[in-house]
1. Among B:Arg158, B:Arg44, what's the order by accessible area (1.4 angstrom probe), most exposed first?
2. Note down the accessible area of B:Leu151, probe 1.4 Å, to the nearest 10 Å².
3. What is the distance, in nm, between label points placed 7 Å from the Cα along the Cα-to-Cβ direction at A:Arg63 and at A:Arg158?
4. Show A:Val139, A:Val103, B:Val159 ordered by accessible area, largest first, where the area counts protein heavy atoms only and the probe is 1.4 Å.
5. With the label 7 angstrom out along Cα to Cβ, how close does B:Ile149 come to the same site in each of the other copies, in nm, nearest first?
6. By accessible area of protein heavy atoms, probe 1.4 Å, what ranking do A:Arg155, B:Arg73, A:Arg75, B:Arg148 get, highest first?
7. Note down the net charge around B:His109, summing +1 for each Lys or Arg and -1 for each Asp or Glu among other residues with Cβ under 13 Å from its Cβ.
8. Percent relative contact order of region B:71-112, based on C-alpha pairs within less than 8 angstrom and at least six residues apart?
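The values are calculated or read from the model by the stated rules, or taken from the named source; none is laboratory data. All values derive from a computational prediction rather than experimental measurement. Cβ: placed from backbone, ideal geometry, glycine included. Neighbour counts: every protein chain shown. These area figures cover heavy atoms from the full protein model, side chains too; ligands, DNA and RNA do not enter into them. Shrake-Rupley method; radii C 1.70, N 1.55, O 1.52, S 1.80 Å.
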Number of protein chains: 2
Amino acid sequence: MNALMPLGMVSDVPSENQIITMSDASTMSDEGHPAEKTDYFVERDGMKYAGTHLLIDIWGAERLDDPAHIDARLRAAAIATGATILHSHFHHFSPNGGVSGVVVLAESHISIHTWPERDFAALDIFVCGDCDPHRAIPVIQAAFSPTRIDLDEQRRGRVA
Amino acid sequence: MNALMPLGMVSDVPSENQIITMSDASTMSDEGHPAEKTDYFVERDGMKYAGTHLLIDIWGAERLDDPAHIDARLRAAAIATGATILHSHFHHFSPNGGVSGVVVLAESHISIHTWPERDFAALDIFVCGDCDPHRAIPVIQAAFSPTRIDLDEQRRGRVA
């Protein structure tokens, strides 16, 4: 991550747009208009909320300047949570510099921003529905071999 | 946001890749190899950290099913913080359904996930360097006219 000297090298890692077929036509009326609105908030542990947002700071981490590796491993992390990948984009700031990237999911997103000069990266994983963001942690550990992980969990859109 | 019935309608809102020229060649040695690594962490209020991450839940909000509006206003929000936009991607889940999107910045990212059926959206703004994420709030208020905003601020990568 490099706010002061951003060299515009968008990584060649291909983005992948996954077209999802509509699996439940019952929410459309006969005229093709949306019928009654469905409530997509989740209910768990006596709480009702929109989704779970993990903020993950990793320290002493490796391979933080390798956009192809980061893209592949974050995709694997997304799949481990049970999510569906819609799009990804990674930006490499300079040779051997930081990487910024996002994976847009049908269930929200995963992002990463790396500071290789400090062996540090900030990730977040936001998923709704039945996905479990904690299942991404072993994938992240294996990918970057951090010596420390700081984890913060937020339940977004909590209504009860 | 719609985890259970994702209709694959990637919005037609154009993504924009902004090529940034290298403004400081002093970090490259004569041979074109990176010279001494620079530390891009920021120091403010007696703290040293990677960047500021705002988690913003908005309620009673409008226009949450309009990807073109959301794209335009999040770009304006990014610019208000002082950030440089590298890429954006928005996904519209179904006619009148939720929108998921991200704006990748030279200074990290902005994301949004909307649940129009609850007039709710979850945003986050992560910026490093001299950018001020709080400057995005008035832009978000004007864009979506929420009746309530819940704000959580995290300093990512805090070392002191």
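1. Result, largest first: B:Arg158, B:Arg44.
2. Ignoring ligands and nucleic acids, B:Leu151 comes out at about 90 Å².
3. The two pseudo-label positions are separated by 3.5 nm.
4. B:Val159, A:Val139, A:Val103
5. Label-point distances to the other copies, shortest first: 3.3 nm.
6. B:Arg148, B:Arg73, A:Arg155, A:Arg75
7. -1
8. 35 percent
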